[in-house]
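*Asks:* Quick one: the structure is below, and I'll ask about it shortly.
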Amino acid sequence: MSGATSVETVEDPEDPRLADYREIRDAERRRRDGTFIAEGRQVVRRLLSAGRYRVRSALVTPPALHALGETLAAAGVPTYLVAQNLVEAVVGMEFHHGCLAAGERGPEPSAEAVLAETRMALR
């Protein structure tokens, strides 16, 4: 996925575009939905550079957008810009990282695939 994408400012914590980020501590809901949340600038950078998972969107504060804007745009990730207090209202806890990304897990690898990958890494 590549190509510039626009940054959309979101001011309402109930905005449906932020659904992936509600109550981020609810791991069971994310397992059911097949999604995960990456937290923090470095983790989001690694997620984008890995190219292994589909990144659904990013939720950023202005400082995080300044740091990651070009990377997010180059990856074509829908990006939602929010104020710090809005992040906390959405995620349901104090949050200081300033950056979240929602990704899709994809199918679980088979035991054989995990073993094969481990064997290759040990060589």
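*Asks:* Over all Cα pairs of region 50-108, how is the pair count split among 5 Å bins, expressed in % and running from 0 up to the last occupied bin?
*Replies:* For region 50-108, the binned pair fractions read 4, 18, 28, 21, 16, 9, 3, 0 percent.
*Asks:* Using R₀ = 35 Å, calculate the FRET efficiency as 1/(1 + (r/R₀)^6) where r is the Cβ-Cβ separation of residue 83 and residue 54; round to 0.05.
*Replies:* The computed FRET efficiency comes out at 0.80.
*Asks:* Follow-up. Take peptides 75-81, 31-37 and line them up by average Cβ neighbours within 10 Å, highest first, as a rough protection proxy. If you can, show how the numbers build up before the last one.
*Replies:* On the way: 75-81: 19.7, 31-37: 13.7.
Averaged packing, sorted descending, gives the order 75-81, 31-37.
*Asks:* On to the next question. Hey, got a sec? Which trypsin sites (Lys or Arg not before Pro) in region 43-114 land in a DSSP loop and have at most 14 other Cβ atoms within 10 Å? Don't skip to the end; give the middle numbers.
*Replies:* On the way: sites: 45, 46, 52, 54, 56, 105; in loops: 52, 105.
Filter output for region 43-114: 52, 105.
*Asks:* Given the chain, what percent of its DSSP beta bridges are antiparallel, to the nearest 5?
*Replies:* Values: 11 of 17 bridges.
Looking only at bridges with both residues in the chain, the antiparallel portion is about 65 percent.
*Asks:* Who wins for biggest fluctuation among 101, 74, 38 in a Gaussian network model of the chain, springs between alpha carbons below 10 Å?
*Replies:* The residue with the greatest mean-square fluctuation here is 74.
*Asks:* Which one of 53, 120, 67 is farthest out on the positive end of the charge dipole of the chain, using unit charges on Cβ (Lys, Arg +1; Asp, Glu -1) and the Cα centre as origin?
*Replies:* Towards the positive end, the residue furthest out is 120.
*Asks:* When the helices in the chain are scored as -39500 (n - 2.57) per DSSP H run of 4 or longer and the sum is shared across all residues, what 222 nm value do you end up with, to the nearest 500 deg cm²/dmol? Working shown, then result.
*Replies:* Values: 5 runs with 51 residues, N = 123.
Theoretical 222 nm ellipticity from helices: -12500 deg cm²/dmol.
*Asks:* Can you give the net charge of the other residues whose Cβ lies under 9 Å from the Cβ of residue 20, counting K and R as +1 and D and E as -1?
*Replies:* Every neighbour counted, the sum reads +3.
*Asks:* Carbon-plus-sulfur fraction of the accessible area of the chain, 1.4 Å probe, in percent? The partial results should precede the final answer.
*Replies:* Details: 3870 of 7580 Å².
Using a 1.4 Å probe with all protein chains present, the chain comes out at 51 percent carbon and sulfur.
*Asks:* Go through (1) 13, 50, 34, 3; (2) 13, 46, 33, 8, 0; (3) 13, 42, 30, 11, 4, 0 and flag the label whose value is the computed P(r) over Cα pairs in 10 Å bins from 0, in percent for this structure.
*Replies:* Given (1) 13, 50, 34, 3; (2) 13, 46, 33, 8, 0; (3) 13, 42, 30, 11, 4, 0, the structure-derived one carries the label (3).
*Asks:* Determine the per residue accessible area of the chain with all protein chains present and a 1.4 angstrom probe, expressed in square angstrom. Don't jump to the answer; show the numbers that get you there.
*Replies:* Values: 7580 Å² over 123 residues.
Counting only protein heavy atoms, the per-residue value for the chain is 62 Å².
*Asks:* Determine the distance separating the Cα centre of region 1-65 from the Cα centre of region 101-123; give it in Å without decimals.
*Replies:* Value for the Cα centre distance between the two parts: 22 Å.
*Asks:* Considering only DSSP states other than H, G, I, E and B, which GluC sites (Glu not before Pro) in region 40-105 qualify as loop sites with at most 16 other Cβ atoms within 10 Å?
*Replies:* Values: sites: 70, 88, 94, 104; in loops: 94.
Passing sites in region 40-105 are 94.
*Asks:* Across region 29-42, in residue order, what do the Karplus-derived ³J(HN,Hα) couplings come to in whole Hz, using 6.51 cos²θ - 1.76 cosθ + 1.60 with θ = phi - 60° and x for Gly and Pro?
*Replies:* The phi angles translate into 4, 5, 4, 4, 7, x, 10, 8, 10, 9, 10, x, 4, 5 Hz.
The values are calculated or read from the model by the stated rules, or taken from the named source; none is laboratory data. These numbers were taken from a predicted model, which means no experiment stands behind them. Note that we place each Cβ from the backbone using ideal geometry, even for glycine, and neighbour counts take in every protein chain shown. SASA here: full protein model, heavy atoms, side chains in, ligands and nucleic acids out. Shrake-Rupley method; radii C 1.70, N 1.55, O 1.52, S 1.80 Å.
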